[in-house]
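A.B. asks: This is the structure I want to talk about, given as structure tokens.
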Amino acid sequence: MTEQHVAHGSIGAKAARRRMRKSLFKHLTTEEIEAGLENVLSSPADSAVVEAIVRRPAAGQRDELTSCELTVTGGLIGDHWAKGAWKSLPDGSPDPDVQISLMNRRFLDLIATSKANWAPAGNNFIVDMDLSAENLAVGQRLSLGAAEIEISPVPNTGCKFFIERYGRDACVFVNRGIGRDRRLRGVYARVVKDGLVSVGDKLRKLDPHE
């Protein structure tokens, strides 16, 4: 497995990186986002290609991978979800409903303005698929490489970190109206079958009888 490690160190270093990111990558206005929306809304409905894999070994850290292992108990192996997620079960263990996350590649590419700015979004899999609630209902199962996942009921919303990385207009856009309904911030899922996933693999909706 080959990977690129993108780490964030001290508070001062993090602030410097935020300033540098803002200077390198433009934050789009609402009007600019809306102008690029037609392409986003034409994303495939049933099958997609995995275009990027991102592991988060710790808060603020990103590993860009060419392949990874998904397991029912561990999620994406090496991701910080298994160490303790922001959403937990009553016994304190990480909630599998926020085990992994996916984001629409077309929308991320629009607001990031460069593939070099994809990883900060923090989504594990960047895919060219319509992730809307209309297309992927809660409980929908999908094959992801050799693994299988199930769409979670937990919404994925933009936060202060999303504002820092992609701008306030982008954050408001994903949290309201069509951005919320189309799940443009992304969608959570849980792993229901272990397997290896690589960049270039397919994400495919499964029939309930498969």
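Read the figures in this text as sums done on the coordinates, not as results from a lab. Since we're looking at a predicted model, the values are computed, not measured. Heads up, the Cβs are rebuilt from the backbone with ideal geometry, glycines too, and the neighbour counts pull from every protein chain shown.
A.B. asks: Assuming R0 = 22 Å, can you tell me the calculated FRET efficiency for the pair I178 and S114, based on Cβ-Cβ distance, to the nearest 0.05?
C.D. replies: Values: r = 24 Å, r/R0 = 1.09.
So, using R0 = 22 Å, E works out to roughly 0.40.
A.B. asks: Hey, if you put +1 on the Cβ of every Lys and Arg and -1 on every Asp and Glu Cβ in the chain, which of A137, A189, C171 ends up farthest toward the positive end of that dipole?
C.D. replies: C171
A.B. asks: Compare the peptides 30-36, 89-95 by average per-residue count of other Cβ atoms within 10 angstrom and give them in order, highest first. Let's see the in-between values first.
C.D. replies: Details: 30-36: 14.3, 89-95: 10.9.
Ranking, from highest mean packing down: 30-36, 89-95.
A.B. asks: Okay, moving on. So what is the 222 nm mean residue ellipticity for the chain from helices alone, if each DSSP H run of at least 4 adds -39500 (n - 2.57) and you divide by all residues, rounding to the nearest 500 deg cm²/dmol? Can you show the working numbers first?
C.D. replies: Numbers: 7 runs with 53 residues, N = 210.
Result for the chain: -6500 deg cm²/dmol, rounded to the nearest 500.
A.B. asks: Quick check for me: using +1 on Lys/Arg Cβ and -1 on Asp/Glu Cβ, what's the dipole size of region 25-205 about its Cα centre, in debye to the nearest 20? Display every interim value, and only then the final one.
C.D. replies: Working: 23 positive and 24 negative charges, 58 e Å.
In debye, rounded to 20, region 25-205 gives about 280.
A.B. asks: Here is a follow-up. Starting from region 104-205, pick out the GluC sites (Glu not before Pro) whose DSSP state is loop and whose Cβ has at most 16 other Cβ atoms within 10 Å.
C.D. replies: E134
A.B. asks: Then there is this: Viscosity 1.002 mPa s, temperature 20 °C: give me the Stokes-Einstein translational D for region 143-210 in µm²/s, with Rh taken as the Kirkwood radius over C-alpha pairs.
C.D. replies: Approximately 156 µm²/s, per Stokes-Einstein.
A.B. asks: Mind giving me the FRET efficiency for R204 and L41? R0 is 25 Å, r the Cβ-Cβ distance, nearest 0.05 is fine. Let's see the in-between values first.
C.D. replies: Numbers: r = 20 Å, r/R0 = 0.81.
Here the calculated transfer efficiency is 0.80.
A.B. asks: Quick one: what does P(r) look like for region 25-205 with 5 Å bins over all Cα pairs, in whole %?
C.D. replies: Reading the bins upward from 0: 1, 9, 18, 23, 21, 16, 8, 2, 0, 0.
A.B. asks: Pulled fully out, how much extra length does the chain show between E34 and S67, if you take 0.36 nm times their separation in residues and subtract their Cα-Cα distance?
C.D. replies: Extending this stretch completely gives an extra 8.6 nm.
A.B. asks: Turning to a different aspect of this structure: Hand me the trypsin sites (Lys or Arg not before Pro) from region 176-209 located in a DSSP loop with no more than 12 other Cβ atoms within 10 Å, in residue order please.
C.D. replies: R176
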